[in-house]
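Heads up: the structure comes next, in structure tokens.
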Amino acid sequence: MKITGYLSEFSLGEIFRFLAQGQKTGCLTIKPMETGDEVTSLPLAEEYYTFFYHGNIVALTTSLDHQELQQLIAKRGWLRIPTIQKIAELCAPKTTLGLCLKAQGALDGEQLKLLFKQQVLTPIPYLFCIKDGWFEFDANYPLPYEEMSGLTASPMEVALAGLRLLRDWTPLLDKLPLPNSTMIRQMHGEVPYHLNQSERQVWEHIDCNLSIEKIAATLGQSVLDIQKICFRFMVVGIAEELAAIAGEEQPAITHEADTMPLTEVSQSFLQGLLTFLKGKRDVA
């Protein structure tokens with residue numbers, strides 16, 4: 001089953017949350033529609049492919065030739081591509097390339113972490129910079145074991161970590177919450193994601209009827225830095241923006257595996273996606 005749509009209708013954060021909460025397996029394709037210099041900081045590619053296994057991200061590529069992970073390893077000078085291919089022949093079918101190389105003593109765990117960071121963590125924030133794009137989720141696309149390091153991560157953790165590393169926020173400025181807006185928590189209790197110190201401080205001031213400007217003044221930080229943090233909260237779905245209405249007071253706010261078999265996706269997948277993204281009901 002395939003689901004298609006536009007990023008103007010559903011944000012990447014919403015799509016990630018649905019795939020994570022639904023523990024979906026498959027390939028999410030994103031095709032940017034920007035041209036020229038509209039997104040100057042985006043490493044341009046015709047399409048981006050993010051692979052999910054039970055709701056976690058396992059790989060991200062810009063082609064479907066199953067060669068990118070080998071090229072990353074070779075560029076780091078760890079192994080030559082012919083050597084990688086010979087070692088891979090020694091491993092059982094449906095064994096991720098990273099774990100295969102580790103099992104044969106060709107790479108170690110730290111090297112696999114570096115590969116996963118370069119392959120997945122680094123490009124993810126740029127996907128959020130795409131202003132106009134088309135997406136498709138294919139639940140039947142086979143996992144590309146040749147592109148997988150063997151490591152997995154929650155899409156929300158990847159998004160948080162990746163956006164923290166983003167240096168040029170220019171393409172995202174029009175997506176940031178407004179300085180005079182108030183943020184509302186979408187959950188209570190312990191946040192299910194790891195927050196750094198600055199994020200934790202901002203989180204403690206949400207739901208206190210303070211605008212982003214006032215939170216910035218209270219914490220002695222720039223308004224832009226607080227906007228960036230609040231945007232990350234919005235991406236992972238733990239807070240939403242309550243825009244201020246001119247001339248009115250803000251109301252008080254109340255309160256590791258060697259093999260990975262494919263999983264079947266139910267026929268209610270499309271309807272579940274649409275209802276989830278429109279906020280009509282919660283998806284388990």
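The values are calculated or read from the model by the stated rules, or taken from the named source; none is laboratory data. Model, not experiment: these values are computed from the prediction. With ideal geometry, Cβ positions are generated from the backbone for all residues, glycine too; neighbour counts draw on all protein chains shown.
Observations
- Given (1) surrounded by fewer than 17 Cβ atoms within 10 Å (Cβ to Cβ); (2) outside the structural domain of S63 (by TED's automatic domain parsing), number of the condition R232 does not satisfy: (1)
- Filter pass, P251 being out of contact with any Lys or Arg (no Cβ under 9 Å at 6 or more places or on another chain) and modelled with pLDDT under 90: yes
- Counting residues in region 139-154 that are of a type in the set (D, E), under 18 Å from the mean Cα position of the chain (by Cα), farther than 17 Å from G237 by Cα and not in a loop (DSSP other than H, G, I, E, B) gives one or more.
- Applying a threshold of 7 Å to beta carbon distances and a minimum spacing of six or more residues, or different chains, the list of pairs starting in region 85-113 at a residue that is among the hydroxyl-bearing types (S, T, Y) and ending at one that is at pLDDT 95 or above and surrounded by 14 or more Cβ atoms within 10 Å (Cβ to Cβ) reads T95/Y145; T96/Y145; T96/M148; T96/S149; T96/G150.
- Of all residues in region 76-104, those satisfying the criterion of being in a helix (DSSP H, G or I), of a type outside the set (D, E, K, R) and farther than 24 Å from T50 by Cα are P82, T83, I87, A103.
- Tally of residues being surrounded by fewer than 24 Cβ atoms within 10 Å (Cβ to Cβ), in contact with a helix residue (DSSP H, G or I) (Cβ under 8 Å, 6 or more places away or on another chain) and within 25 Å of S11 (Cα to Cα) across region 214-226: 2
- One residue from Q197, Q201 being over 20 Å from T62 (Cβ atoms) and touching a Leu at 6+ places or on another chain (Cβ under 6 Å): Q201
- Any hit, region 11-22, residues being of a type in the set (S, T, Y) and modelled with pLDDT of 95 or more: no
- Residue in region 105-125 that is surrounded by the most Cβ atoms within 10 Å (Cβ to Cβ), counting only those that are modelled with pLDDT of 95 or more and outside any helix (DSSP H, G or I): L107
- Among the residues making up region 88-99, those that are in contact with a helix residue (DSSP H, G or I) (Cβ under 6 Å, 6 or more places away or on another chain) and crowded, with 18+ Cβ neighbours inside 10 Å are T96, L97, G98.
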